[in-house]
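Below: one structure, written as structure tokens.
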Amino acid sequence: MRALVDLLNRSFAVPAVYQPYLAAGVIFVLAFVIVVFAAVYSGVLIFAERRVAGRIMSRIGPNRVGPHGLLQFVADAVKLIVKEDIIPDASDRPLYRFAPYLMTMGVFAGFVVLPLSPHVIGADLNIGLLYVLAITAIAVVGVLMSGWASNSKWSLFGGMRSAAQIVSYEIPNALALLPGVLLAGTLSTQAIIRAQGGWPWEWYVFHSPMMLALFVIYFIAALAEGARIPFDLPEGESELVAGYFTEYTGFRFAAYFVGELAHTWIAGSLAVIVFLGGWQIPGVSVAEIDAAQGGMLWLYEALALAIFVLKMIFVVFLMIQLRWTLPRVRVDQMMVICWKYLLPITFVALFLILGFMLVWPWESVGGLLWRVAMTAVGLGVVVVYFWRVRYNIVAARDRLYLKFWI
């Protein structure tokens, strides 16, 4: 928030007497924008996910409401808002009412420390990474509260499973982000980005083979913590119906999906911040951005914002694609993946990175050669990925063409 206020002061030369009012206005506007943005982002993500699912399964997807079905999520939101709010008679009414809002509060609060550009950030806390991991964990309380307050054994089973899943995968999730803190020497999300660079070989994901492995581990743990397929067992098992929110209807039912979908932005943003260079502009140093004035400053801000959002969209697109590509795992398999595979691999990678940092420091020639080599490997994987996606699209189109004529 302070960085944004400084940006406005530098651009418009606000008198000192009005600066407290400016700060208060920025706080209010940021809070409003975060809530509205999370809701709109969730709706747009639902639309994008359904269209991507349609493409993957050779279907059309929503295409009736609005241009290309873009307003389908608005119609769904209106339907959920006007539906009857049913509260079970035997439920704990205060806890039942409050649980979905507690879950969304933790997710919304996590947006505060996510920098979108050099100056667009709610609060640049010196413990920003720790804050976002802690505040999003409040969702566990909301999940348990909703399962218990519903007074339904199926909701309680779903709440217990979801709490066990979230708490378990938070450990490899946090440990996979720890090397970024070690390399940058700070927990501040903004400072972690500033310690990297704009070119791919200056990103932490290509620092060493261990960092590339930890990026994959973080991605898997983020999927599980957000209850995304193939780890949506708390709400995907047939005997649980819909899990901890089975008894909810209307707006409160929608609140759970808003929190779950908004969490994908946080998960994708953390991946971009710690591993993919954040908002760094290729060829432009942080010193140049800090020294910029007037129109050039706003140009850098716009470029940084676009770069950050594009990187985040790519990560979220991978989450969507995996949802419609992989089958669900069993509950026991899900816990085995966490405790017997991800966690030991994460600890081994952490110790190897400590040795790597001593032998090949970031500024050394050996460290640069390692980063260039890992960048070549990473770009090769991306090229193969896009080639395979294009191959599947062409093959599906040819099958549909032949089916039409036959």
If a residue must be within 18 Å of Arg228 (Cβ to Cβ), among the aliphatic types (A, V, I, L, M) and part of a helix (DSSP H, G or I), how many such residues does the stretch 134-166 contain?
6
Can you confirm whether the stretch 291-303 contains a residue that is within 20 Å of Val35 (Cα to Cα), among the charged types (D, E, K, R) and in the same structural domain as Arg194 (by TED's automatic domain parsing)?
no
Take the residues in the stretch 36-64 that are within 15 Å of Phe257 (Cα to Cα), surrounded by fewer than 16 Cβ atoms within 10 Å (Cβ to Cβ) and in contact with a helix residue (DSSP H, G or I) (Cβ under 8 Å, 6 or more places away or on another chain); name whichever of them is modelled with the highest pLDDT.
Val44
Every residue in the stretch 212-245 that is modelled with pLDDT under 80, of a type in the set (A, V, I, L, M, F, W, C) and within 17 Å of Val107 (Cβ to Cβ), please.
Ala227, Phe245
As an exercise: evaluate Trp265 against (1) under 24 Å from Pro100 (Cα atoms); (2) aromatic (Phe, Trp, Tyr); (3) surrounded by fewer than 21 Cβ atoms within 10 Å (Cβ to Cβ) and give the number of the one condition it does not meet.
(3)
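Could you please let me know if Ile121 is crowded, with 17+ Cβ neighbours inside 10 Å and not in a loop (DSSP other than H, G, I, E, B)?
no
Each row is one residue, and each column tells you yes or no for (1) outside any loop (DSSP other than H, G, I, E, B); (2) closer than 16 Å to Arg252 by Cβ; (3) touching a strand residue (DSSP E or B) at 6+ places or on another chain (Cβ under 8 Å); (4) of a type outside the set (A, V, I, L, M, F, W, C).
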residue: Val44; (1), (2), (3), (4): yes, no, no, no
residue: Ala48; (1), (2), (3), (4): yes, no, no, no
residue: Val52; (1), (2), (3), (4): yes, no, no, no
residue: Arg55; (1), (2), (3), (4): yes, no, no, yes
residue: Arg59; (1), (2), (3), (4): no, no, no, yes
residue: Asn63; (1), (2), (3), (4): no, no, no, yes
residue: Val78; (1), (2), (3), (4): yes, yes, no, no
residue: Tyr96; (1), (2), (3), (4): yes, yes, no, yes
Considering every residue within the stretch 181-191, establish whether at least one is touching a Ser or Thr at 6+ places or on another chain (Cβ under 8 Å) and either of a type in the set (Gly, Ala, Ser) or without any contact (Cβ under 8 Å) to a residue 60 or more places away in the chain (or both).
no
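The values are calculated or read from the model by the stated rules, or taken from the named source; none is laboratory data. Keep in mind it's a predicted model, so treat the numbers as computed, not measured. Because the Cβ atoms are built from the backbone with ideal geometry, glycine has one as well, and the counts that use them run over all protein chains shown.
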